[in-house]
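The values are calculated or read from the model by the stated rules, or taken from the named source; none is laboratory data. This one's a predicted model, so the numbers in the text were calculated from it and none came from an experiment. Because the Cβ atoms are built from the backbone with ideal geometry, glycine has one as well, and the counts that use them run over all protein chains shown. Surface accessibility is based on the protein's heavy atoms, side chains included, excluding ligands, DNA and RNA. Shrake-Rupley method; radii C 1.70, N 1.55, O 1.52, S 1.80 Å.
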Amino acid sequence: MTAQQSELARRPREVFRFGFYAWNITAALRIVEGREPDRVNVKEAATLLWLIYVNESHAATVDLAQPVLLAPFAGAGHIPIDGWHRIWKARREGVETLPALALTPEEEFRVRMHGGDKGPGYYR
């Protein structure tokens, strides 16, 4: 077990909620572990930032080298489900792109806890 795997195993479940949707971020990070990141345009990734609460003091401390996690979302392409503080900091510092890891539609479905075709009442 690598140090990163060990850290992920000990981490409490982290969840991102967006409207009626929720994703298990801890499970998603396990899925993408070891993948080579692509890049995401910060301006495009920040489209929904106005809907997200950002703790500015925490955002000032985040590592922009850590990849943002993206999930396919019907009608919106890929949306960030982890990394909003990094996106906020990158915009503030004028950084144009960030490393990013994207889930496939099948992977997104596995880590989605609620919303969409998992519908009301489904929560795991």
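Spin-label pair Ile79-Arg17: with each label point 7 Å from Cα along the Cα-Cβ axis, the two points sit 1.5 nm from one another. Note on Rg and Dmax of the Cα atoms in Å: of the candidates (1) 14.3, 42; (2) 16.3, 53; (3) 14.7, 47, the value calculated from this structure sits at (1). For Trp50, neighbours were defined as the other residues whose beta-carbon sits under 15 Å from its Cβ, and their charges (Lys and Arg +1, Asp and Glu -1) total +1. Extension gain, Asn55 to Val95, is 12.5 nm, computed as 0.36 nm per intervening residue step minus the present C-alpha separation.
Using the rule -39500 (n - 2.57) for each DSSP H run of four or more residues, divided by the residues of the chain, the 222 nm mean residue ellipticity is -8000 deg cm²/dmol.
Counting only Cβ charges, +1 for Lys and Arg and -1 for Asp and Glu, the dipole size of the chain around its Cα centre is about 340 debye. If R0 is 41 Å, what FRET efficiency do you get for Asn41 and Asp117 from their C-beta distance, rounded to 0.05? Calculated value: 0.90.
Across the stretch 99-119, the residues whose backbone nitrogen lies under 18 Å from the label position 7 Å along the beta-carbon direction of Val62 are 99-103. If you take all other residues with their beta carbon under 13 Å from the beta carbon of His78, and give Lys and Arg +1 and Asp and Glu -1, the sum is -4. Within the accessible surface of the chain, defined with a 1.4 Å probe on protein heavy atoms only, the carbon and sulfur portion equals 53 percent.
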